[in-house]
1. In whole Å, largest first, what are the principal axis extents of the Cα atoms in the stretch 324-482?
2. When the Karplus curve 6.51 cos²θ - 1.76 cosθ + 1.60 is applied with θ = phi - 60°, which whole-Hz ³J(HN,Hα) does each residue of the stretch 281-293 get, with x for Gly and Pro?
3. Return the calculated 222 nm mean residue ellipticity for the chain, to the nearest 500 deg cm²/dmol, obtained by summing -39500 (n - 2.57) across DSSP H runs with n ≥ 4 and dividing by the residue count.
4. Quick check: residue separation of Arg119 and Glu475 times 0.36 nm, minus the Cα distance between them. What number comes out in nm?
5. Tell me, in nm to one decimal, what length is gained between Trp455 and Ser430 on full extension, where the rule is 0.36 nm per residue of separation less the Cα-Cα distance?
6. Do any of Lys254/Lys456; Lys66/Lys175; Lys175/Lys245; Lys133/Lys477; Lys254/Lys337; Lys66/Lys219 go past 21 Å between their Cα atoms, and which?
7. Check which residues have an amide H placed less than 5 Å from Tyr438's amide H, if you skip close sequence neighbours.
8. Leaving out ligands, DNA and RNA but keeping every protein chain, what accessible area does Asp32 have, in Å² rounded to the nearest 10, with a 1.4 Å probe?
Amino acid sequence: MPDRHRNFIHGEWRDARSGLTFPDINPSDTDDLIGFFPQSGPEDVDDAVTAAANALPAWRRTPAPKRAELMFRVGEIMTRRKEELSRLMTREMGKVLSEARGDVQEAIDTAYHIAGEGRRLHGITTPSELPDKWAMTIRQPIGVAGLITPWNFPIAIPTWKSFPALVAGCTVVLKPAEDTPLCATELVRVFHEAGFPAGTVNLVHGGGPDVGAPLVRHKDVGVVSFTGSSEVGRQIAESCGRALKRCSLEMGGKNAQIVLEDADLDLAIQGSLWGAFATTGQRCTATSRIIVQRSIHDRYVERLAAEAARVRIGYGLEDGIQMGPLINEGQRTTVAKYVDIGKAEGARLVCGGAAYREGRCARGFFFQPTVFDRVTPSMRIAREEIFGPVASVIAVDDLDQAIQVLNGTSYGLSSSIYTRDVAGAFRAMSEIECGIVYVNGPTIGAETHLPFGGWKDTGNGHREGGVSAFQAFTEEKTIYVDYSGRLQRAQIDNQPALESRP
Ligand code: NAD
């Protein structure tokens, strides 16, 4: 009998007030029912936000290094449980085991990085323009943070948000994706075991409109951090805008890899395969466009198609499997629709293009690695996010045109250039309009201690990762301390530094 799971509110596991549940299934094998999770509603959100608001005063007064010690323990527990969590993730989300291990490792790295930052959380001290006066800044928690996350990095992404929020002194309510509720539940168990006080971490399962939207709108939520589609992100930004509420958005991508004729082509091909087909193309940083210089284009496409056709598809817990399923039938329908759109637009399908149903894969949402050639920048498959294993190859004359094509979408998350020309690489680093640029590496592979986020329709200026991660969850306070014992008026009483000369 599959387990029945609960929300986590004020340190207790609770059913949804409605008593309703929804099923969680394995995308590699739809006969495998993982469990049932509460189908919550606004009343459960309200309970969780109230718990978080009640826990806030004591938590924000806890010194940041002490909050960080708990986060260090989170890292220790996750390290101990890494293999178990990774296997559970492959079962629930579908990514192959090596990648699931990477997802959990990213969470561990984030725990240690953010725990370390708890002993810094630097403000600035700077001289005042007036004598006997100090000037400095500190960062303070905004309050209750509402965290809304997608399914593609079902442990790492919730940690990118919750870890800095908690170490900054916010309390949190997490609303994870409906497709990966178990990973979020296990993450919350880790917080619980580490000793986070009741109410500091709360979890509410359920749908976007039923749980996500009320969380965004709740008057006691001071900041919203969202990762997901640009469509939903826009709605969240509108709702937060009306309430003048802080929101940090990480959204879609249409990432491109440039390959110039002087590149190490073996390396570039490996980069294309990893960038386009890892996580079945379901990474926000996945390579969905490959911009190739015309002189090497035919050779490149031929090799890429041959290698893509060799990718081993299947259940990610089995040895040797390189690519798992799509997350659900809806996503498979979307990917198939884009294949039809590509063909109708006149692109040439050089490999894949259909669902994969060999053997026991018939029970999952598998799709073949797919490569389109003769794609032009104006085609929909070159502009819109597909979020599946589909790469579109676009031929260009030179570096200038490559950068122009790369910049020609509404998104700006990740990018990559393969070349041996140092000057060309530096020009690309300067002119590419994206939050992330890789030189001689694929578009995927972010490290947690560097800022992560996108330009244009991908984001709204905030960053996760690095020390920037704290900015979304804190307000900056500027403090002046005047110990002169007299009224000193800035800009009025400040004397010229030097006597004026004759
Ligand atoms: P999604 O936007 O459908 O859902 C994301 C989350 O928002 C889910 O928890 C969902 O339940 C919730 N949600 C849905 N409607 C809502 C509403 N009206 N109000 C509040 N919450 C709502 O996205 P998805 O399909 O889960 O994830 C895929 C998308 O995420 C892709 O576009 C991908 O590029 C993006 N993504 C971006 C990043 C990044 O860092 N830029 C990282 C991973 C994924």
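1. On the principal axes, the stretch 324-482 reaches 74, 41, 25 Å in Cα extent.
2. Values per residue, Gly and Pro as x: x, 9, 10, 4, 9, 4, 7, 10, 10, 10, 9, 10, 5 Hz.
3. Working: 13 runs with 184 residues, N = 502.
It comes out at -12000 deg cm²/dmol, rounded to the nearest 500.
4. Details: separation 356, 0.36 × 356 = 128.16 nm, distance 1.79 nm.
Additional length available on full extension: 126.4 nm.
5. So the chain would gain 7.6 nm between Trp455 and Ser430.
6. Numbers: Lys254/Lys456 11 Å; Lys66/Lys175 26 Å; Lys175/Lys245 18 Å; Lys133/Lys477 17 Å; Lys254/Lys337 17 Å; Lys66/Lys219 29 Å.
In this structure, Lys66/Lys175; Lys66/Lys219 exceed 21 Å between Cα atoms.
7. Excluding prolines and chain starts, which carry no amide H, the hits are Ser415, Ser416, Ile417.
8. 40 Å²
The values are calculated or read from the model by the stated rules, or taken from the named source; none is laboratory data. What you see is a predicted model; the values in this text were computed from it and never measured. Heads up, the Cβs are rebuilt from the backbone with ideal geometry, glycines too, and the neighbour counts pull from every protein chain shown. With ligands, DNA and RNA removed, areas are computed over all heavy atoms of the protein, side chains included. Shrake-Rupley method; radii C 1.70, N 1.55, O 1.52, S 1.80 Å.
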